[in-house]
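Scroll down for the structure; my scribbles are underneath it.
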Amino acid sequence: MEAPTRRLRALVRVAAARAGDHRRVAVEVATRRGGSHERGGQRNSNLPHLAPHPTGPASGSLRRAADRPAETNGERDTTMAIVLYHHPFSRAANTVWMLEEVGVEYELKFVDIMAGDQKKEDVKKLNPMGKLPLLVDGDTVVTESAAIGLYLADRYAPGRLAPKLDDAARGTYFRWSLFAPSVIEPGSMAKAGNWEFRAGSAGWGNYDDMIATMESAISGRDFVLGKEFSMADVIFGGTIAYMLDFKMLEPRPSFTGYAERVRARPAYAKGEARNKAVMDERGLKMPGA
């Protein structure tokens, strides 16, 4: 019986490590008292952590363990659906693309921004700005489109949609991900609105420098990291594609070619289909269409 006992002890150590230090002592004591975890085909009740998962809702530490994302091939999966507060005419539309790229289960919670529902208490208690997108992942709340994309890639697709933590490419990845909301969006608004400001004092500088810098990010490469697509291309490339659609950006070949490449992603088509389904279900028409 020595070999089965060693296997049992190994199983106990693994299970205890997963369940937490506070359960390890109880498990090991139960093992010493009960010996082998199976007797005459009956499972030893002293080892509840080795019993089949209950069919009903878990509670306490068992629920927390069940809800904890598992890792598979360096990526995470989750049994708890992510909730995206969503309207297809908001930046949340691009977040749907992010979720499709990551490949996790998610739910869309419709927020009627035309009726001002984003300013209601149930939304503002999560995001005092009263704006979309707003993503809830268990107890975690994430707002701001770029932040949501970076969070999703790091948590659920590390090494696939986000460079690994020790990869120097993360510098380039973050640079262009954050360039979109902090430079392109305000810089374009300043241009369209003829804002008066000192370029040296504004974080987005002057418009011509901004355009040249955008081109430098994709000049001579397929994506911002070269041949490899990443979440940075959903953020940076999604911004460029959107601005081209609404004629907010000069259709230079470098921009249009890049927009075509990022929109060729299967996940982009899935995201567009999901947004369209919401529009059809709600009878929504794009303003000006």
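Within the range 215-254, being assigned to a helix (DSSP H, G or I), over 14 Å from Tyr173 (Cα atoms) and of a type outside the set (S, T, N, Q) holds for Glu215, Gly238, Ile240, Ala241, Tyr242, Met243, Leu244, Asp245, Pro253. The single condition from (1) open to solvent by 80 Å² or more (accessible area, probe 1.4 Å); (2) within 26 Å of the chain's Cα centre (by Cα); (3) within 19 Å of His87 (Cβ to Cβ) that Lys227 fails is (3).
The set of residues in the range 254-273 being over 25 Å from Ala190 (Cβ atoms), surrounded by fewer than 17 Cβ atoms within 10 Å (Cβ to Cβ) and either of a type outside the set (A, V, I, L, M, F, W, C) or over 26 Å from the mean Cα position of the chain (by Cα) (or both) consists of Gly257, Glu260, Arg261, Arg263, Pro266, Lys270, Glu272.
With respect to the conditions (1) in a strand (DSSP E or B); (2) among the charged types (D, E, K, R); (3) at pLDDT 95 or above, Arg76 lacks only one, and its number is (3). Taken as a whole, the condition of being open to solvent by 90 Å² or more (accessible area, probe 1.4 Å), closer than 30 Å to Leu108 by Cβ and not in a helix (DSSP H, G or I) does not apply to Lys276.
Run down Ala190, Ala168 and say which single residue is open to solvent by less than 20 Å² (accessible area, probe 1.4 Å) and free of Cβ contacts under 8 Å to residues at least 24 places away in the same chain. Reasoning before the result, please.
Numbers: Ala168 fails: open to solvent by less than 20 Å² (accessible area, probe 1.4 Å).
Selected residue: Ala190, the only one of Ala190, Ala168 that is open to solvent by less than 20 Å² (accessible area, probe 1.4 Å) and free of Cβ contacts under 8 Å to residues at least 24 places away in the same chain.
Among the residues making up the range 132-158, a single one is in contact with a Lys or Arg (Cβ under 6 Å, 6 or more places away or on another chain), closer than 16 Å to Gly238 by Cβ and open to solvent by less than 10 Å² (accessible area, probe 1.4 Å): Pro133.
The values are calculated or read from the model by the stated rules, or taken from the named source; none is laboratory data. Computed from a prediction, not measured in an experiment: that's the story for all the values here. Neighbour counts run over all protein chains shown; Cβ positions are idealised from the backbone, glycine included. We work out accessible area using only protein heavy atoms, side chains counted, and drop any ligands, DNA or RNA first. Shrake-Rupley method; radii C 1.70, N 1.55, O 1.52, S 1.80 Å.
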